[in-house]
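Enquirer: Just passing along the structure, written as structure tokens.
The values are calculated or read from the model by the stated rules, or taken from the named source; none is laboratory data. Predicted, not measured: the structure shown is a model, and the values here were computed from it. Here the Cβ positions follow ideal geometry from the backbone for every residue, glycine too, while neighbour counts run over all protein chains shown.
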Amino acid sequence: MTWYTIVPAILILLCLVIFITKISIKAIILYTPLERQVVLRVRVWFIPFTIDVLKLLQKRKEKQNKEPKQEEASEDSISEWLERMPNLIKSAGDIHTILKGFLQKIKVKKFSWSSHIGTGDAAATGILAGQVWSVKGIAIGLISHYMRVVGQPQLEVHPVFQGTAAATRLECAVSFRSGPVIFTAIKLLRYIKKHRSVLIGQTEQLHQ
């Protein structure tokens, strides 16, 4: 066996390992009057790492504040955007179709969402608690429609009738293979490249 066969075999094996790699993500969203937290805990193979979303957004905001502000949109750019609206709607449908195929391969292993709410008025708190239950039911319906829910979702709403309260904690754990991610990214890049003029407009292209 020569290097002409060993090297391709190693490359093929490496590509196969990459495509079947399992990626696990746990999202934790916490809101209380004293604390706000949006954290992603990612595990690839045996390598875990944590992403603090709020800190990243804060750094990006500070960076944007240092950059010179862009000019406000002119009437021409607004009219151009309105003319592109039908094509943008069609593109949104196409992108939805591409992403739907990937989302169906995601396993939702855990979904728990607990909330404490209180307005200071018992009647208003009861009505608000019902509305929160409705929102959570819609959210679970959408997730079940697009993804494969493995575990039983845990939803809780705790109305606080004697006082005011606003706190919620959401935890969602999902897993998927890297292969579908790569294929979906390739499809999106090809679509964006083909429909670049529709997605960003002619005016933006001239400014780039």
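Enquirer: Would you confirm whether any residue within region 13-30 is of a type in the set (Ser, Thr, Tyr), at negative phi and in contact (Cβ under 8 Å) with a residue 24 or more places away in the chain?
Expert: yes
Enquirer: Here are some residues: Thr168, Thr184. Which one is hydroxyl-bearing (Ser, Thr, Tyr), closer than 27 Å to Thr119 by Cα, surrounded by 13 or more Cβ atoms within 10 Å (Cβ to Cβ) and in contact (Cβ under 8 Å) with a residue 12 or more places away in the chain?
Expert: Numbers: Thr184 fails: closer than 27 Å to Thr119 by Cα.
After ruling out the rest, the residue left standing is Thr168.
Enquirer: Which numbered condition in (1) out of contact with any Gly (no Cβ under 9 Å at 6 or more places or on another chain); (2) farther than 29 Å from Lys22 by Cα; (3) assigned to a helix (DSSP H, G or I) is the only one that Ser115 fails?
Expert: For Ser115, the exception is condition (3).
Here is a yes/no grid of residues against (1) modelled with pLDDT of 90 or more; (2) of a type in the set (Asp, Glu):
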residue	(1), (2)
Gly151	no, no
Glu156	yes, yes
Pro159	yes, no
Gly163	no, no
Phe176	yes, no
Val181	no, no
Tyr191	no, no
Lys194	no, no
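Enquirer: With respect to Arg148, determine if the residue is surrounded by 15 or more Cβ atoms within 10 Å (Cβ to Cβ), of a type in the set (Lys, Arg) and farther than 19 Å from Lys22 by Cα.
Expert: no
Enquirer: Could you grab the pairs with beta carbons closer than 8 Å, sequence gap of 6+ or different chains, first residue in region 116-127 and on the phi > 0 side of the Ramachandran plot, second one outside any strand (DSSP E or B)?
Expert: Qualifying pairs under 8 Å: Gly120/Gly163.
Enquirer: To continue, here is another question. Determine whether Leu11 is surrounded by fewer than 11 Cβ atoms within 10 Å (Cβ to Cβ) and either of a type in the set (A, V, I, L, M, F, W, C) or farther than 30 Å from Ala167 by Cα (or both).
Expert: yes
Enquirer: Also: Select from region 152-187 the residues that are touching a Gly at 6+ places or on another chain (Cβ under 6 Å) and assigned to a strand (DSSP E or B) and list them in ascending order. It would help to see each step written out before you state the result.
Expert: Going through region 152-187, the residues touching a Gly at 6+ places or on another chain (Cβ under 6 Å) turn out to be 160, 163-165.
The answer is Thr164, Ala165.
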